Structures are given as C-alpha cells and as structure tokens.
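This report concerns only the one structure given below.
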Amino acid sequence: MTPITTLHGIGTRIAEQLAKLDIHTVEDMLFHLPLRYEDHTQVKSIADLKVGDNTLIEGTIQAAEVKMGKRRSFLCTFSDGTGTVMLRFFHFYPAQRQQLKQGTRLRCFGKVSQGYQCLELVHPQYECTNDINSATLLEEHLTPIYPSSSQLNQSIFHSIIDQIFEKQEIVEYIPASIRDKFNLLPLLDALNILHRPQPNLSLKILREGKHPAQRRLAFEELLAHHLSLYALKIRSRTRNAPSLDNAGQLIQTLLAQLPFKLTNAQQQVYTEIATDLRSTHPMQRLLQGDVGSGKTVVAALSALQAIESGYQVAVMTPTELLSEQHKRTFTQWLEPLEIKLTWITGSLTKKKREQTLEKITSGEAALIIGTHALFQKDVEFAKLGLVIVDEQHRFGVHQRLALRNKGSQEGSYPHQLIMTATPIPRTLAMTAYADLETSVIDELPPGRTPVSTAIIPNTRRDEVIARIQHVCQNEGRQAYWVCTLIEESETLQFQAASDTTEQLKKALPHLNIGLIHGRIKSKEKEEVMEQFKAKELHLLVATTVIEVGVDVPNASLMIIENPERLGLAQLHQLRGRVGRGALQSYCVLLYQPPLSEIAKSRLTTIRENDDGFVIAQRDLDIRGPGEVLGTRQKGTLNLRVADLQRDKALLTDIVEAGKLLFKDYPEQCQSLIQRWVKEGLHYGEV
Ligand code: ADP
Ligand code: MG
C-alpha cells in the first residue's frame, strides 16, 4: 500500500494531520469520502436565488458600508443585472474593506438566507474577478467537501485526489462476473463519481446515500467484513478439538431430576450442540434465546457431555452477580451428580484464590464458573474441553478468539458455546457474527404470563410508591427498583442508588428494603440476594447490575427509573427479571418528562412488545445497529463508508457474493479483507 507521503506536497506536518483522520495510505484517502458537495460549476442569476440555496453568483459591488445596529457588520450591496443581494460580514478586517469596495467584481459562493431587506449571503467565500476571464475558470466537477480538521485545508484533499486519479493504480478486487450478478459499478467508476462528481449528479440521492457509487463501496466494505469472519469460520474447521462423545448417563440423571420438561426448542438446540461437541473440530456456536427462554439448562446439559467425556468446562459471565447466580444454579443441579465445581472471581482473597487455582490445575474441579477472571494468565486448566460464554453481547470477535486461544492445549482448541439473550436480527447476525453457527430457542417455557408494562412520568412517583406498598404488603410479592445513570462511574451510580434507597425507606417504613450495586463486596452481594430470594426483603433497589441472570420468581413488580437512558435490548433484559412465574407481573417505566419523540417511540416499543426479536428489530430501525450489537461491545464492525442501517438491504446479497468469491477467488478475498478490515491480518494469525 502506497504511503500518502509519496504524493507531491505531502510533508510530515500534513501527513501527521492526515493520520489523525486515519489516512495513512493512498487507499485510505480514496475511501475517505466527501461529507457533501458544493456546486461551483455554474453561475446562477441573482434573480433565481431561493432561500437555502448553496450557490455561486457573480456580479459587482454597488455599495459597501459598516452598519452599527445590534451587531456591527460590514455590508456590500451586490448586483448582477438580474437582481441584488447583500453580502454580510460580522468579522472583517481593514484589508477586506479596502478590497470590497464599490465597483469590485466578485464571484461568491454561499448559502442564501433571508435578510432584513433582501436576500443575503452571510460570510460567503469570494474571489475577486476584476482581471480574469471568468467563464474559463468554472470548476468542471462538483466540489467535494471532505471531513477534515481545522488544521487541514480542503485544497489539500483536492490536490491529493487529483494526483491519485492521475497517477495511481486503483485495484479492482471484485471480478466482473460478480459485479454483473449483483449490479455493482466498477470501483474506479464509483470512486470517480464520488470524488469528482459531474455537475448533473443528484445531490439529493448522494445525501441519502442511495447512489449506485455509494452502494458499490458499501457493498465492498461489508463484503470484506463478512469475508473476514467467514474465513475465520472456515479456518476453525481445520483446527482440532477433543471429540466429547461419552455422554448419556449424567444427562439422563439431570433430566430426571429437573422439576420441568425441556421445551421442544431446548431439546432441538441441545441436539444441535451435542452433535457439534462430538466433532473433532471446535464448535463455535451462538445460542440465541429470549430472556427466560431457559438457556442455562441447555448450558448445563452441554457441560455434562464434556464432563462425562473427561474434560473440564469453563462458564464465563460478564458480571459477578451473574456468575454467583450460575454458581447457585449449577451447584443445585450438579452436586447431586457428585460433580465438583468451583468459582473464581476478581475478589477472592489471595489464599482462597490459590486454593481455587490448584483445583483448576489439578483437574479436581470439573466445572469452573467466573467472570473474565477465568482467563487471567495464572489460571491453568488441566483439560479444558468446552467454554460457555453467557450473555455474549458484551464480547466482540476479538474476545471470542482470545478466549479460545487461551484455552488451547497442544494444538487442540476447546469448543465454544456463546449464549445471548439479545437477539440479533438475522441479517445483522450474518455479517457481524458470520464466524459462528447459530441456534435459536424460539419458545418460552409454558405457563408464563406476559409482563404488563406502563409508561409513567416521574411526577406520579408517589402513586408508584403506593403501588409498591400494596404489592409487597397485601399481595406478598416482591419488587425491584432499578436506578439508571448515564455515567459509567460506579461511584456515581452507587450514590444515586443509595440516595434512592434512603428516600424509599422513608416513604415505605414498613417494608424491608435492600440495596445492590456494582461496588459492594461479592460476599455482601450474595447475602443481599439470598435475603431477597428468601423473601426477607420486600424491595430490592439496584443499579443495572441486575440486568442479567437474576432469577427470583416471586418478584412481580419492577420500577425502572429514567428508562429513556437505556437501550431497548437492555430494557427488555431488565424487565425479564419479572414475569418468571405464572403470576401477572408489572413493569413501570418511570420517565423524566419531557420525552423526545424518539424516546417516546422507543418506550412504546417496549410496552407493546414482549418478544425480544421484535424489539431488537425495532431497535435496529429506530437507532441503528450500534445499539443492537451493544454499545459497550468492543470489536463490532468498524465501518468507514457503509452504514449497517442505511445499507441493510445489501446484506443478503453480500452473504451470497461472499460464498462465490470465497470459492472461486481466494486471493481477491484476502486483498479485500486487507483493504477494509484493519484487524484482518490479526485474524490471519489465529
Ligand atoms: P435465560 O434463557 O434467560 O438464561 P434461564 O435459563 O435463567 O433463562 O431460565 C429461566 C427460568 O425458567 C429458570 O427459573 C428455569 O429454571 C426455568 N426453566 C427453564 N427451562 C424450563 C422449562 N422447560 N420449563 C419450565 N421452566 C423452565
Ligand atoms: Mg441467562
């Protein structure tokens, strides 16, 4: 790839500025697309100007004066024989006043606005045309305006682009046969259109991102990302993994001991996983299932298959709270089968930690539960066969790979089961998760009653508090009060939650109220959760730490304060903490008025839907893919020209094109990945 500094006029200073915009090579500049365009190709008559036009005019200054008024300004009366406009400058200097005097001919470009007496151009760009034959100097192309920094002049970009189109080779990696099939412009044509657009090009279509030239580039970029993940999947089929095929007895025992029967969907999904686990290549499977669909028991069955085959299983969670919940659940299920499990978190004492590590290294512990602390350097597994990652929306592809590699032993990789309650719309999954196989649990266990959701302004807080009193005292139920804060700071979150707890204790003196948040010690956290489970606490005030995995069926009311701050997926997750039994549950979205239109429509989506897949699709429509994939997730697609929301219609074609390209043009695939996916080389090593 040619460094940008090989071009004429690009010294270190400019190169440094360009680097800040992530432009290092000639190719980077080609894909640094204009933000918008200005039309300097034709001069308009002043008589034809309309408010809002961005336009080029040419004429003569009739009069120039400094007006005092509210804001001092320098005004030029400017005519071209068809009409008159005012050029207005709030900032001006003496030389400018010297130049812009009666009789000076100018060409001006600017935005037309409505002034006091007539139309105005405020701070237009202008050039003096007294001595030039102006007709010859009009631009041939629309003028692209590039995203830039204050240090870089647009003319630098124009010069770079001119040089590239003159001298550099622009390599096409999508073969003609595939371009024809999917109706794609050649790359050079597309780049020409976008960097040097003809005057008759529709700026409206460009602004909407619907031009075939834009489509071509978006297609190429998304294709490259898809290919990089797809290549990973193919490569992982050449890796070795232990075949976990010695299963049956323990699984039957667990099934017999459960107080429920598996749903058909759970059964189906477990069969898919069991088949994968018997393979000698590592499973990479994404298990999607709505909140409460019963993923944990599927994880337990998978774990038993590995354990019975003589391997260890690691269960990794994003939060300590969820790992504690799993510790309880798995202990209850696996202890009767005499399977040893252990729990590792960041908050163990040194001594306890050493003991735990010893159990893991010796192989004494068959099931190991923990947060990312599971994969710290000093944790060595005796014989790891399966890694289960719960609530995967927080992990990106890099983390998935890092995990798998850490668990590898002597050229053999553990199987991976990745579980998420944030359903990912299919088209999006095909691109962002193309390295994974997917299974879906598409039904809830029987006997659930949908949660009834209300949207209530904070001005009615007292009514809501009275409602808690009623539900907890008269009905013997329990409730959650969830505090949300935008700040990432745990200290502030803690502060907000403990203030709220104090208020609620005053307002509800007869109730036992507990508090749980990210900062309390895990032992204390566990105690509070135990008390809540044992119904010793009526009301649990919490930060969003309870988002995942907490399971208390007697809780039937949840208040979410300032729900407008959270993503839809997160709200849906939170609400999933109630409605876990047959009894009618309620969720109150206690918002801070006024609500924006978008916020209103988002909360309404939550109120009217209880299917996580539908909610995720709406989220995608309203807010775009960042939200759906989880904003906290690292390693989501880092897109330069494509926009998953705008370009989602391309995704189906991209999957198809990817297959063709991968089969017949492997070299081009590699080049495409290198061009677009900065981490592409990194994937290659894995
Ligand atoms: P999630 O998919 O959100 O992780 P869980 O695995 O926590 O869901 O399951 C939610 C609740 O449903 C748990 O209390 C679990 O014991 C129960 N459950 C799971 N499968 C079934 C089933 N087939 N029938 C009845 N209840 C079930
Ligand atoms: Mg779960």
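The values are calculated or read from the model by the stated rules, or taken from the named source; none is laboratory data. This one's a predicted model, so the numbers in the text were calculated from it and none came from an experiment. Glycine gets a Cβ as well: all are built from the backbone with ideal geometry, and neighbour counts include every protein chain shown. Calculation scope for accessible area: heavy atoms of the full protein, side chains included, ligands and nucleic acids excluded. Shrake-Rupley method; radii C 1.70, N 1.55, O 1.52, S 1.80 Å.
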Residues that are surrounded by fewer than 15 Cβ atoms within 10 Å (Cβ to Cβ) and in a helix (DSSP H, G or I), drawn from the stretch 6-25: Thr6, Thr12, Arg13, Glu16, Ala19, Lys20
List, please: which pairs have Cβ atoms under 7 Å, are six or more places apart or on different chains, and start with a residue in the stretch 293-304 that is over 22 Å from Gly612 (Cβ atoms) and touching a residue at least 40 places away in the same chain (Cβ under 8 Å) and end with one that is among the small types (Gly, Ala, Ser) and more than 6 Å from ligand 1 (Cβ to nearest atom)? Leu304/Ala247
State yes or no: is Ala306 away from ligand 1 (no atom under 15 Å from the Cβ) and farther than 30 Å from Gly346 by Cα? no
Lone qualifier among Leu322, Leu277 - being within 16 Å of ligand 1 (Cβ to nearest atom), touching a residue at least 40 places away in the same chain (Cβ under 8 Å), assigned to a helix (DSSP H, G or I) and crowded, with 17+ Cβ neighbours inside 10 Å: Leu322
So, first residue among the aromatic types (Phe, Trp, Tyr) in the stretch 85-107, second residue modelled with pLDDT of 90 or more and open to solvent by 60 Å² or more (accessible area, probe 1.4 Å), Cβ within less than 7 Å, six or more apart or across chains; the pairs are Phe89/His123
Residue check: is Leu574 within 14 Å of ligand 2 (Cβ to nearest atom), closer than 17 Å to Gly518 by Cα and either assigned to a strand (DSSP E or B) or open to solvent by less than 10 Å² (accessible area, probe 1.4 Å) (or both)? yes
So, in the stretch 525-541, exactly how many residues are under 33 Å from the mean Cα position of the chain (by Cα) and open to solvent by 40 Å² or more (accessible area, probe 1.4 Å)? 1
Single condition Gly310 does not satisfy, out of (1) more than 11 Å from ligand 2 (Cβ to nearest atom); (2) assigned to a helix (DSSP H, G or I); (3) out of contact with any strand residue (DSSP E or B) (no Cβ under 6 Å at 6 or more places or on another chain): (2)
Quick one: in the stretch 430-464, of everything that is open to solvent by less than 20 Å² (accessible area, probe 1.4 Å) and either of a type in the set (Phe, Trp, Tyr) or under 29 Å from His517 (Cβ atoms) (or both), which residue is farthest from ligand 1 (Cβ to nearest atom)? Val464
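Name the strands (runs of 3 or more DSSP E) wholly within the stretch 101-160 that hold at least 1 residues that are open to solvent by 50 Å² or more (accessible area, probe 1.4 Å) and not hydrophobic (A, V, I, L, M, F, W, C)?
So the answer is 105-114, 125-128.
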Residue identified as surrounded by 12 or more Cβ atoms within 10 Å (Cβ to Cβ), in contact with a helix residue (DSSP H, G or I) (Cβ under 9 Å, 6 or more places away or on another chain) and farther than 30 Å from Glu221 by Cα among Asp53, Asp39, Asp28, Asp80: Asp80
Exactly one of Lys359, Lys350 is open to solvent by 40 Å² or more (accessible area, probe 1.4 Å) and either in contact with a strand residue (DSSP E or B) (Cβ under 7 Å, 6 or more places away or on another chain) or within 15 Å of ligand 2 (Cβ to nearest atom) (or both), and that one is Lys359
Odd one out for Gly294 among (1) modelled with pLDDT under 95; (2) over 20 Å from Leu436 (Cβ atoms); (3) more than 11 Å from ligand 2 (Cβ to nearest atom): (3)
Taking only the stretch 472-488 into account, find how many residues are open to solvent by less than 40 Å² (accessible area, probe 1.4 Å) and either without any contact (Cβ under 8 Å) to a residue 24 or more places away in the chain or under 35 Å from the mean Cα position of the chain (by Cα) (or both). 7
Identify all residues within the stretch 339-355 that are at pLDDT 95 or above and touching a Ser or Thr at 6+ places or on another chain (Cβ under 8 Å); write none if there are none. Leu341, Thr342
Do we find that Lys111 is basic (Lys, Arg) and under 22 Å from Leu203 (Cβ atoms) in this structure? yes
